[in-house]
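Structure, as structure tokens:
The values are calculated or read from the model by the stated rules, or taken from the named source; none is laboratory data. Predicted, not measured: the structure shown is a model, and the values here were computed from it. Please note: Cβ atoms are built from the backbone with ideal geometry, for glycine as well, and neighbour counts cover all protein chains shown.
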Amino acid sequence: MTNTTIAPEDLQKSILQHLEKSLGKDTQNATLYDWRTSLSLALRDLVVDPWFRSTRKTYEAAGKRVYYLSMEFLIGRLLEDVAINLGAEDASRKALADLGLEYDKVVRDEPDAALGNGGLGRLAACFLDSLSTLGIPAYGYGIRYEHGLFEQHFEDGRQIEVAEGWLAQRHTWEFERPEVTYRIGFGGHVNGNWEPAETVIANAYDTPILGWKGRWANTLRLWSAKPTVLFDLGSFNRGDLVGAVVPEALARAISRVLYPDDTTEAGKELRLKQEYFFTSASLQDIVRRFGSEGYDIDTLADHVAIQLNDTHPAIAGPELIRLLADDHGVEMARAIEIARDCLAYTNHTLLPEALERWDLGLFARTLPRHLQIIETIEADHLSRTGSHVRIIEDHSVKMGELAFVMAHCVNGVSALHSELVKKTVFADLNRDYPGRIINQTNGVTPRRWLYNCNAPLRELINRTIGESWVDDLDQLKKLETHVSDAGFLEDFMAAKQANKKRLANWLGEQVGQTVDPAAMFDIQIKRIHEYKRQFMNILETIAHWNEIRDNPNGDWTPRLKIFGGKAAPGYFVAKEIIHLINDVSRVINTDPVTRDRLKVIYPPNYNVSMAEVLIPAADLSEQISTAGKEASGTGNMKFALNGALTIGTLDGANVEIRERVGEENFFLFGLTAEEVVNRRTQHDFSRTAIANSPHLARVLNQIADGLFSAGDPGRYHGLVTLLYEHDYFLVTCDFDDYHATQNKVDTAFVDRRRWSEMAALNTARSGWFSSDRTIEGYAKDIWNTPSLLDKSGS
Ligand code: F58
């Protein structure tokens, strides 16, 4: 069985039926929302069949399921995704066109499901797509946040956060499961049994996740928090109207909002409760499903592979042990063994401030039984290994150590990162458990990040090598032989140009800016963070602006610099950087001397859907983090796949991208991870670097003099001082090399033939960065879960 092909007439019939019967509207009164919802429901009907079929096959196979536990799933829109996987894109276009509607407009009406902060959450979404495409039985488990990642607005160039409301409209793709509920306890005492002081209900909502060609569908099960008692009628009748709703509000608070903090310690108690809430509900569900199949609890690990997406679900270790020992009577030592055989843990960061630790007092108050179990886990670990690494230390519970000890496998997300995990954060545990740490380099789904977002390039590739690359991305290699063909290169650049025009139009609509599609589109999109060094990018932009002004008749390559990204609301320095970029953009964009050669645009509220418009249009991808700090990056892969060249450091997966696309097709600069560590030990390294760089010194003086903050000259003294005194991320040390490399990029861009070869080779050689390859790696090295698709692909 391949594509669920549907005739446009049949689809149209179904759309009209849903409009009338599911939405209670007629064609005269239907809004864009009504049409979009009707189309979604019509397509959703077609997903149910493969979904049921996959579930039946999974039960029949009696094999192992993967459970991907993640606090975040940064999905974006689903409508287009479902349409292409069903092979129903053309039918949808036609069905709508005959109703006088434009498919692209309908698709764009869908709000992004932004249940994540950045790379970690987006990776989870790509993994769901690949698990379904590969036909590996799997569930994604997470939280159904009422409010996803905040909306970013700019007011006078400053970031303002506004609550996001994707669930204000009906979420068409999900099925509520009122019968699937679990009780989640908090606090209380342990007197033999754990008696929680407080209980909330976790209620399941299922979204089918369809794979390529509709061959397989898995489930994303998200938990919503509900009160045990819906309404306190007693208080209400006594006239206490507010008191009557307090218990409900407290319970619902648990799934109310995604934590936007991807830097330091997030909000304390609520975050801990969120983590336990979704982990416990998921594990109860897993154990219940396992039990329903009639297996002996001792064989749990033969049927269950649980992947922890970072430490946020690390409470899974003690929780699974609790369920096995306290509820199923498994002996404690055996329960630890079984849990470990089920669990594996992915680390996504080396930044010490992002490693989760819970205050012991808070932990004991919230999860007293789990604290006892963690003490047992720790004692077991210490006695077996003779290790000196403790899980409970300095009055806190260390979730990284807990996840590590309770996992049979720990992985990093790029080759460099995995080596650094072994040498730094988990050096001692790596000695205690040799071989436990492995690497699984990240990947991205080619369905969303090429097929869907880049129609011009998709069509060219299909014409050139056929369509088999969509679920076998290595096939892109076949493009290499065409790179010597001038006609192919022209077509390749024409596709890029079409995407640039689309972006130019989009920018016109969204931010009211006119841009020249012939200019080099230079893009940095990602969370705003000191280590990602948007700061260095904007400083270099100013240096470039100075150069043009110094020599206005020079032969400058026109550039459009685009920034996109949000800062954690409490991350002061990141917000200052946003303000600076916006201030600089205002000054540069209104400078008549440079206006035709340099523009800086920062569209607000970067999200998955915006990335889908930006990435295909990029000429240059900025991957400029301080070496050793970016675990992998996945945006870097999306850009290369779409034929952008990278300017980047030897960090994260940049290293592997450069190896694969060829060093001559990559603009490398900057200190290596090792050099970074050494440089920090040198006395006054940043002052020395600034003193040796006239370009940088000039830029810093301009900022400090208030050139970009007229009326408030002191605005950026803090930022500038930071570079002189605590340049932890070595912006000053890498600046000159970055600047020189940007000049090389300018020169290279002018040689259109050579540039087009380099760009096409980036696409042709990026096949390895498919998340299908990544998931195959996890399935083979960690989960031991075969595909249940027939060889014929059905
Ligand atoms: C990201 N981490 C890494 N964390 O920074 C990136 O290099 C990597 O490619 C990606 O994971 C996928 O492996 C990341 O996005 C978060 O957003 C966390 C959110 C919750 C608090 C801690 C950070």
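Looking only at segment 533-562, count how many residues are farther than 22 Å from Phe708 by Cα and either buried (at least 20 other Cβ atoms within 10 Å of the Cβ) or among the hydrophobic types (A, V, I, L, M, F, W, C) (or both).
1
Examine segment 517-535 for a residue that is more than 16 Å from the ligand (Cβ to nearest atom) and either assigned to a helix (DSSP H, G or I) or modelled with pLDDT under 95 (or both), and state whether such a residue exists.
yes
Of all residues being among the charged types (D, E, K, R) and touching a residue at least 12 places away in the same chain (Cβ under 8 Å) in segment 290-324, which is surrounded by the fewest Cβ atoms within 10 Å (Cβ to Cβ)? Just the residue, please.
Out of the qualifying residues, it is Glu293.
Tell me, yes or no, whether segment 540-548 has at least one residue that is under 28 Å from the mean Cα position of the chain (by Cα) and within 27 Å of Ala114 (Cβ to Cβ).
Among the residues of segment 540-548, not one is under 28 Å from the mean Cα position of the chain (by Cα) and within 27 Å of Ala114 (Cβ to Cβ), which makes the answer no.
Please report, ordered by residue number, the helices (runs of 4 or more DSSP H) entirely within segment 293-363 with at least 2 residues that are farther than 18 Å from Tyr139 by Cβ.
Filter on segment 293-363 gives 316-322, 332-342.
Could you tell me whether any residue of segment 641-661 is under 22 Å from Trp755 (Cα atoms), hydrophobic (A, V, I, L, M, F, W, C) and within 10 Å of the ligand (Cβ to nearest atom)?
no
For a quick check of your reading: which helices (runs of 4 or more DSSP H) sit entirely within segment 47-134 and have at least 2 residues that are crowded, with 24+ Cβ neighbours inside 10 Å and within 16 Å of the ligand (Cβ to nearest atom)?
Once the helices (runs of 4 or more DSSP H) in segment 47-134 are filtered for at least 2 residues that are crowded, with 24+ Cβ neighbours inside 10 Å and within 16 Å of the ligand (Cβ to nearest atom), what remains is 119-134.
To keep it simple, each residue is scored yes or no on (1) assigned to a loop (DSSP other than H, G, I, E, B); (2) surrounded by 18 or more Cβ atoms within 10 Å (Cβ to Cβ); (3) not assigned by TED's automatic domain parsing to the domain that holds Arg559.
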{"site": "Arg698", "(1), (2), (3)": "no, no, yes"}
{"site": "Leu707", "(1), (2), (3)": "yes, no, yes"}
{"site": "Gly714", "(1), (2), (3)": "no, no, yes"}
{"site": "Tyr724", "(1), (2), (3)": "no, no, yes"}
{"site": "Thr763", "(1), (2), (3)": "no, yes, no"}
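Taking only segment 387-442 into account, find how many residues are small (Gly, Ala, Ser) and either more than 16 Å from the ligand (Cβ to nearest atom) or more than 24 Å from the chain's Cα centre (by Cα) (or both).
5
Please pick out the residue among Asn589, Asn582, Asn607 that is surrounded by fewer than 24 Cβ atoms within 10 Å (Cβ to Cβ), closer than 21 Å to Leu507 by Cβ and within 16 Å of the ligand (Cβ to nearest atom).
Residue meeting the stated conditions: Asn607.
What do you reckon, is Gly643 surrounded by fewer than 21 Cβ atoms within 10 Å (Cβ to Cβ), modelled with pLDDT of 95 or more and either assigned by TED's automatic domain parsing to the domain that holds Gln534 or among the hydrophobic types (A, V, I, L, M, F, W, C) (or both)?
In short, no.
Before we move on, is His683 more than 28 Å from the chain's Cα centre (by Cα) and outside any helix (DSSP H, G or I)?
The answer is yes for His683.
Does Asp781 meet the test of being more than 30 Å from Ala697 (Cα to Cα) and not assigned by TED's automatic domain parsing to the domain that holds Leu343?
When the stated conditions are applied, Asp781 passes them.
Those residues that are within 12 Å of the ligand (Cβ to nearest atom) and surrounded by fewer than 23 Cβ atoms within 10 Å (Cβ to Cβ), I need them from segment 325-347; list them, please.
none
Against the condition among the charged types (D, E, K, R), within 16 Å of the ligand (Cβ to nearest atom) and either over 22 Å from Gly628 (Cα atoms) or part of a helix (DSSP H, G or I) (or both), how does Glu480 come out, does it pass?
Answer is no for this residue.
It is to be established whether one or more residues within segment 376-397 are at pLDDT 95 or above, assigned to a loop (DSSP other than H, G, I, E, B) and among the hydrophobic types (A, V, I, L, M, F, W, C).
Taking every residue of segment 376-397 in turn, at least one turns out to be at pLDDT 95 or above, assigned to a loop (DSSP other than H, G, I, E, B) and among the hydrophobic types (A, V, I, L, M, F, W, C).
Has segment 151-159 got any residue that is within 16 Å of the ligand (Cβ to nearest atom), farther than 21 Å from Leu283 by Cα and surrounded by 20 or more Cβ atoms within 10 Å (Cβ to Cβ)?
Yes.
Restricting the search to segment 233-254, which residues are part of a helix (DSSP H, G or I) and not hydrophobic (A, V, I, L, M, F, W, C)?
Correct list: Gly234, Ser235, Asn237, Gly243, Pro247, Glu248, Arg252.
Those residues that are surrounded by fewer than 24 Cβ atoms within 10 Å (Cβ to Cβ) and of a type in the set (Phe, Trp, Tyr), I need them from segment 727-737; list them, please.
Tyr728, Phe729 - these are the residues of segment 727-737 that are surrounded by fewer than 24 Cβ atoms within 10 Å (Cβ to Cβ) and of a type in the set (Phe, Trp, Tyr).
In the list Thr672, Thr688, Thr681, which residue meets the criterion of being at pLDDT 95 or above, β-branched (Val, Ile, Thr), loosely packed, with under 13 Cβ neighbours inside 10 Å and away from the ligand (no atom under 16 Å from the Cβ)?
Thr681
Taking Phe404 and the conditions (1) part of a helix (DSSP H, G or I); (2) more than 20 Å from Pro313 (Cα to Cα); (3) out of contact with any Ser or Thr (no Cβ under 8 Å at 6 or more places or on another chain), which numbered condition does it fall short on, given that it satisfies the others?
In the conditions (1) part of a helix (DSSP H, G or I); (2) more than 20 Å from Pro313 (Cα to Cα); (3) out of contact with any Ser or Thr (no Cβ under 8 Å at 6 or more places or on another chain), Phe404 misses (2) alone.
Which residues, counting only those in segment 163-186, are out of contact with any helix residue (DSSP H, G or I) (no Cβ under 9 Å at 6 or more places or on another chain) and in a loop (DSSP other than H, G, I, E, B)?
Residues satisfying the conditions are Ala163, Glu164, Gly165, His171, Glu174.
Take Thr5 and decide whether it is loosely packed, with under 15 Cβ neighbours inside 10 Å and touching a Gly at 6+ places or on another chain (Cβ under 8 Å).
Against the criterion (loosely packed, with under 15 Cβ neighbours inside 10 Å and touching a Gly at 6+ places or on another chain (Cβ under 8 Å)), Thr5 qualifies.
Output the residues belonging to segment 435-474 that are outside any helix (DSSP H, G or I), within 24 Å of Ala125 (Cβ to Cβ) and among the charged types (D, E, K, R).
Glu467, Asp472
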